[in-house]
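Enquirer: Below is the structure I would like to discuss, written out as C-alpha cells.
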Amino acid sequence: MSTRVDVEEIQTTKGEKLLALVLAVFLLMGGIWVYAKIDDAVRTSSPPDYSYAGTPAEQAAVAQLRAAEKRQSRAQTAAANARDNLELKREAYRTALEAHRAEAARLGVAYDHARKRYARAQQSVAAASGQVARAQPPAAAAERHIAQVQSGRIHKRELLAFGLRLAWVLANLLFGYWLLARLRRQGSRYYAVGIAFVGYAVVLAFVMATDYLTDYFDPLDLGPLVLSLVGIVLTLLAFVGLQRYLAKRIPARRVRRRECPFCGYPVRGNEHCEGCGRDVVAPCARCNEPRRVGAAFCGACGAA
C-alpha cells in the first residue's frame, strides 16, 4: 500500500521549519563566499590593470616629456640660484660704490659676470620650457591611449566577473525552482528543503542586485534588471505550475473528504451536490454501478 500523500496535506513541524531556516543560512554563507571568490579568481587570472605601458613610440614620447620636464626643473633651479647670486653681487657693488672703496671696480666686474650668468640661465629656462611644450602633445596622446587600454582591460575583467556571478546566481535559482517542483511532484517530506534552497537563491540574487546597483550603472546596470525579470518569470511559472497541480489534485482530495469535487460542498449521500447542483454520482463506464465522480477507481469493479 502506498504511503504517498499530497504536499498540501503534510503538516510541517516547527522543528522542520527551523532546520529549513538554518539550512538556508548556511547555503547563503557558502553562496556568498563563492560569489566573492569569483571576482578574486578573475583578478588573479587576468593581467594586471596597469601592466600595459604603451607601444615603443608611446613610451618614447612619454620618456621625452619626462626628460624635458627634468631639464626644465634643473634650469629653473639654476636660474633661481643665479638670481640670488646676482642680487648679492649687486648689493656688494652698490655698497662699495657708495663707500668709495678701492674694490668697487673688482665688484663691478663680478656683478657683470653674475648678470650675464643670470641671462644665460633665463635662456636655458626658455629653451627647456620650449622642449616641454613640444613634447607635451605627443606624450598626452600616448598617455590617453595607455589609459584607455588599461581602462578597457579593467572593464573586460569586471564584465567577465559580472557574467560569471550572474551565471552562478541564475544556476542557483533554476536549480532551486527545479528542486522545489520535483519534491512537490513526489510529495516528499523534504519539501521544506526545496523551500529553503529557493529562499537562499532569492536572497543571493538580491545580494547581487544590491552589489551592482551601488557600484555599476553603465553598462552593467542591466544586471539587476535581468535578475529581477528572471526571478519574476520563474516565480510566475512556479505559481502557474502550482495552480495546475492543485487543479489536478483538489478534486481527488475533495472526494476523499466526502465533498463535491467541483465546489467542495459536503456530500450527504445525494446524487447531486447541494452547493452547485452538479452530479456527484454517475454510472461506471465498465460495470454501470454507481460511482463517485472524481474517484480514482470504481468501488464495484475497480476500474480506473
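The values are calculated or read from the model by the stated rules, or taken from the named source; none is laboratory data. Note that the coordinates shown come from a computational prediction; the quantities given were computed from them, not determined experimentally. Here the Cβ is made from the backbone with ideal geometry for all residues, glycine too, and neighbour counts use every protein chain on show. In case anyone asks, the SASA skips ligands and DNA or RNA and just uses the protein heavy atoms, side chains included. Shrake-Rupley method; radii C 1.70, N 1.55, O 1.52, S 1.80 Å.
Enquirer: Does residue 253 satisfy the criteria of being under 20 Å from residue 296 (Cα atoms), open to solvent by 50 Å² or more (accessible area, probe 1.4 Å) and either at pLDDT 75 or above or touching a strand residue (DSSP E or B) at 6+ places or on another chain (Cβ under 9 Å) (or both)? So that I can check it myself, show each step before the final result.
Expert: Details: under 20 Å from residue 296 (Cα atoms): yes; open to solvent by 50 Å² or more (accessible area, probe 1.4 Å): no; either at pLDDT 75 or above or touching a strand residue (DSSP E or B) at 6+ places or on another chain (Cβ under 9 Å) (or both): yes.
Considered against the rule, which asks whether it is under 20 Å from residue 296 (Cα atoms), open to solvent by 50 Å² or more (accessible area, probe 1.4 Å) and either at pLDDT 75 or above or touching a strand residue (DSSP E or B) at 6+ places or on another chain (Cβ under 9 Å) (or both), residue 253 comes out as no.
Enquirer: Can you go through 247, 300, 296 and tell me which one is surrounded by 12 or more Cβ atoms within 10 Å (Cβ to Cβ) and either outside any helix (DSSP H, G or I) or of a type in the set (A, V, I, L, M, F, W, C) (or both)?
Expert: Numbers: 247 fails: surrounded by 12 or more Cβ atoms within 10 Å (Cβ to Cβ); 296 fails: surrounded by 12 or more Cβ atoms within 10 Å (Cβ to Cβ).
Only one candidate passes the filter, namely 300.
Enquirer: For the range 106-133, enumerate the residues that are under 24 Å from residue 74 (Cα atoms), free of Cβ contacts under 8 Å to residues at least 40 places away in the same chain and open to solvent by 50 Å² or more (accessible area, probe 1.4 Å).
Expert: 112, 113, 115, 116, 117, 120, 123, 126, 133
Enquirer: Please enumerate the residues belonging to the range 180-228 that are open to solvent by 20 Å² or more (accessible area, probe 1.4 Å), at pLDDT below 75 and either on the phi > 0 side of the Ramachandran plot or aliphatic (A, V, I, L, M) (or both).
Expert: Listed by number, the residues that qualify are 213, 222, 225, 226.
Enquirer: Let me ask you something else. If a residue has to be in a loop (DSSP other than H, G, I, E, B) and closer than 19 Å to residue 299 by Cβ to count, how many in the range 257-272 make the cut? Give the steps one after another, and end with the answer.
Expert: Let us first name the residues in the range 257-272 that are in a loop (DSSP other than H, G, I, E, B), namely 257-258, 260-265, 267-271.
Right, trim to closer than 19 Å to residue 299 by Cβ and you get 257-258, 260-261, 267-271.
Qualifying residue count, the range 257-272: 9.
Enquirer: Which condition from (1) open to solvent by 80 Å² or more (accessible area, probe 1.4 Å); (2) farther than 30 Å from residue 236 by Cα is the one that residue 160 breaks?
Expert: (2)
Enquirer: In the set 69, 91, 103, 98, which member is touching a residue at least 12 places away in the same chain (Cβ under 8 Å), open to solvent by 50 Å² or more (accessible area, probe 1.4 Å) and of a type in the set (D, E, K, R)? Give the derivation first.
Expert: Details: 91 fails: touching a residue at least 12 places away in the same chain (Cβ under 8 Å); 103 fails: touching a residue at least 12 places away in the same chain (Cβ under 8 Å); 98 fails: touching a residue at least 12 places away in the same chain (Cβ under 8 Å).
So the residue among 69, 91, 103, 98 that is touching a residue at least 12 places away in the same chain (Cβ under 8 Å), open to solvent by 50 Å² or more (accessible area, probe 1.4 Å) and of a type in the set (D, E, K, R) is 69.
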